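Here is the structure we will look at, set down as structure tokens.
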Protein chains: 2
Amino acid sequence: MCTVANNNPSTTRPHSRVEPLNEPDNVLPGLSIDNLIFGLDHGQLKIMLVKHNVGPGKGKWALPGGFIKQNENLRDAAARLLEELTGVRDLYLEQLKTFGRVDRFPNERVVTIAYYALVSAENYTLVAGRNTSDAMWFDAKDLPELIYDHSEIVDHGLNFLRHKVCHEPIGFNLLPEKFTLLQLQELYEAILDVKLDKPNFRRKMMKMNLLAPCNEKQKGVPHRAANLYRFDSAAYERLTDKGFSFEF
Amino acid sequence: MCTVANNNPSTTRPHSRVEPLNEPDNVLPGLSIDNLIFGLDHGQLKIMLVKHNVGPGKGKWALPGGFIKQNENLRDAAARLLEELTGVRDLYLEQLKTFGRVDRFPNERVVTIAYYALVSAENYTLVAGRNTSDAMWFDAKDLPELIYDHSEIVDHGLNFLRHKVCHEPIGFNLLPEKFTLLQLQELYEAILDVKLDKPNFRRKMMKMNLLAPCNEKQKGVPHRAANLYRFDSAAYERLTDKGFSFEF
DNA sequence: ACAAAAGTGTTTAGTGTACACCCATGC
DNA sequence: GCATGGGTGTACACTAAACACTTTTGT
């Protein structure tokens, strides 16, 4: 999908102790970023992982992350690292939480700031980049063993997502730009692991006035074609200004 | 309220550049913690601040914070710093967000992890500690100028609190152990800056089954004495296990 | 007796839930 | 014509909001 920069020679920090970190020396010491990227693919919640081919976790799966440059804001670092490792760019990354258990990282103290984003998995082709031999989507319910404390980050992120999706209209980011109401319903069912009533779900969503009809229908389905909608973010802004609060 | 440890000599890091940080050298470089402590005092939302008497912000008010030791988990560091600077201990500190703008700190790159807690301000006497000349509560609506990006942290924290208090029963932490329904209502009114209907508020709260009556009444009030209640955290656990979700 | 806050009852509008039903389309 | 999902209607229980009302207690 996009080209991958590779301008960071793998130098080792002077005070690294046992296993070299391959941490370039223009980065902040002892502080890293990890990205938890959620995707939705055919109604299944996915998480983006990369396989390390250098460093203390060589050969293991991990969240795409790395180190922060001296002159780089945190979110910019998260975006750069994600692109370098997976080829994915232009996501709306938000901070999740900072993880800093003393022994979370081998041999050194490294605190990591986790960021998250939600995307329609179908739109993103992953390309392994610097220091990674592979990058792919995994089903959130069936993840491989992860490096360091990354499973803890994922668990925290999943709980956070389940909570967040009920209180803010972020779920829409998991869908393609144009979607049907059933896709939206299936999204909620996938994340919350519940079964919802179709007519009631429709009405609830429609009443919020956050869906703009595309005046377009599904194509190539073996049944009546559904109307396509977009999430109307301008309408959402207007409503929140007036005190509206999204509650699913 | 409690004694203050003072066992950290004010050494200066070798690579500090212009204004010395007084950062002891057994701490993580470039990473700090700041505590945003909310209190409620006579129906007013307060925030705990300290006045720096050393370092780049000498003479200015700040959130109580400092540096993390090599062998210290993040929350432990937050708790230790809070006690060292204000004498306050045993709070339930939770992570708020990490702030890392490149230029948030003068002359050096320092990323700070913000923690927050909610307490009944009346229960805590503040005692200035190491490196601080003063520690006191300020009205959240009338704060002095703050050091670095601490105003940004406070703004973020206030928004977070307003949101959180509607979705989780954390507001109770701002009250004394035994409280009346009117105190609880005034708390919500103070945080959300709204006026609520007394009868409806009562019923809403009572129906949640989260308040345990103390079988005790207010004393020394010039009117009918109200019943006192405690927040029943065991009941809350039981309810959440069954899928109950606190929504105010 | 009065003020001040505690606490109750009642009406009304609106919301959430369950489920029966009709509609459009591809095979 | 029938399966499949799209989409509507409706009855009922429950909740939220507004506000009039009674109760208790200190001064």
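Residues in the stretch A:79-102: is at least one small (G, A, S), touching a helix residue (DSSP H, G or I) at 6+ places or on another chain (Cβ under 7 Å), surrounded by fewer than 22 Cβ atoms within 10 Å (Cβ to Cβ) and more than 14 Å from chain B (Cβ to nearest Cβ)? Even if it seems obvious, please write down each step before you answer.
So the first thing to find is which residues in the stretch A:79-102 are small (G, A, S), and the list is A:79, A:87, A:100.
Next, only the ones that are touching a helix residue (DSSP H, G or I) at 6+ places or on another chain (Cβ under 7 Å) stay: A:100.
Going one step further and asking which of them are surrounded by fewer than 22 Cβ atoms within 10 Å (Cβ to Cβ), we end up with none.
Within the stretch A:79-102, none of the residues are small (G, A, S), touching a helix residue (DSSP H, G or I) at 6+ places or on another chain (Cβ under 7 Å), surrounded by fewer than 22 Cβ atoms within 10 Å (Cβ to Cβ) and more than 14 Å from chain B (Cβ to nearest Cβ).
Filter the stretch A:185-196 for residues that are surrounded by fewer than 17 Cβ atoms within 10 Å (Cβ to Cβ) and closer than 17 Å to A:L158 by Cα; which is farthest from DNA strand C (Cβ to nearest atom)?
My answer is A:D193.
Residue-by-condition table, conditions (1) touching a residue at least 12 places away in the same chain (Cβ under 8 Å); (2) under 12 Å from the mean Cα position of the chain (by Cα):
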residue: A:I33; (1), (2): yes, no
residue: A:L49; (1), (2): yes, yes
residue: A:P56; (1), (2): yes, no
residue: A:G59; (1), (2): no, no
residue: A:Q70; (1), (2): yes, no
residue: A:L82; (1), (2): yes, yes
residue: A:L96; (1), (2): yes, yes
residue: A:D103; (1), (2): no, no
residue: A:E108; (1), (2): yes, no
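Can you list residue pairs whose Cβ atoms sit under 8 Å apart, with the first residue in the stretch B:199-221 being near DNA strand D (Cβ under 8 Å from one of its atoms) and the second being part of a strand (DSSP E or B)? Count only pairs 6 or more apart in sequence or on different chains.
Filtered contacts from the stretch B:199-221: B:K217/B:N227; B:K217/B:L228.
Could you tell me whether B:L184 is within 11 Å of DNA strand D (Cβ to nearest atom) and either touching a strand residue (DSSP E or B) at 6+ places or on another chain (Cβ under 6 Å) or not assigned by TED's automatic domain parsing to the domain that holds B:K141 (or both)?
Working: within 11 Å of DNA strand D (Cβ to nearest atom): no; either touching a strand residue (DSSP E or B) at 6+ places or on another chain (Cβ under 6 Å) or not assigned by TED's automatic domain parsing to the domain that holds B:K141 (or both): yes.
When the stated conditions are applied, B:L184 does not pass them.
Before we move on, is B:Y148 hydroxyl-bearing (S, T, Y), under 22 Å from B:L85 (Cα atoms) and within 14 Å of chain A (Cβ to nearest Cβ)? Write out each step before concluding.
On the way: hydroxyl-bearing (S, T, Y): yes; under 22 Å from B:L85 (Cα atoms): yes; within 14 Å of chain A (Cβ to nearest Cβ): no.
When the stated conditions are applied, B:Y148 does not pass them.
Out of all the residues in the stretch A:234-243, is one or more modelled with pLDDT of 90 or more, surrounded by 15 or more Cβ atoms within 10 Å (Cβ to Cβ) and under 28 Å from A:D90 (Cβ atoms)?
yes
Residues B:R224, B:R230, B:R203: which one is within 8 Å of DNA strand C (Cβ to nearest atom), surrounded by 10 or more Cβ atoms within 10 Å (Cβ to Cβ) and of a type in the set (D, E, K, R)? Walk me through it before giving the result.
Numbers: B:R224 fails: surrounded by 10 or more Cβ atoms within 10 Å (Cβ to Cβ); B:R230 fails: within 8 Å of DNA strand C (Cβ to nearest atom).
Within the list B:R224, B:R230, B:R203, the selection yields B:R203.
This table checks each residue for (1) within 16 Å of DNA strand C (Cβ to nearest atom); (2) more than 14 Å from chain B (Cβ to nearest Cβ).
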residue	(1), (2)
A:I153	no, no
A:F179	no, yes
A:Q183	no, yes
A:K198	yes, yes
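With the condition being of a type in the set (V, I, T), I'd like the helices (runs of 4 or more DSSP H) fully within the stretch B:143-211 carrying at least 1 qualifying residues.
Working: elements: B:150-167, B:181-192, B:198-207.
It comes to B:150-167, B:181-192.
When you scan the stretch A:206-221, how many residues do you find that are away from DNA strand C (no atom under 14 Å from the Cβ) and of a type in the set (D, E, K, R)?
0
The values are calculated or read from the model by the stated rules, or taken from the named source; none is laboratory data. Note that the structure is a prediction, hence the values are computed from the model and not measured. No Cβ is skipped: glycine too gets one built from the backbone with ideal geometry, and neighbour counts run over all protein chains shown.
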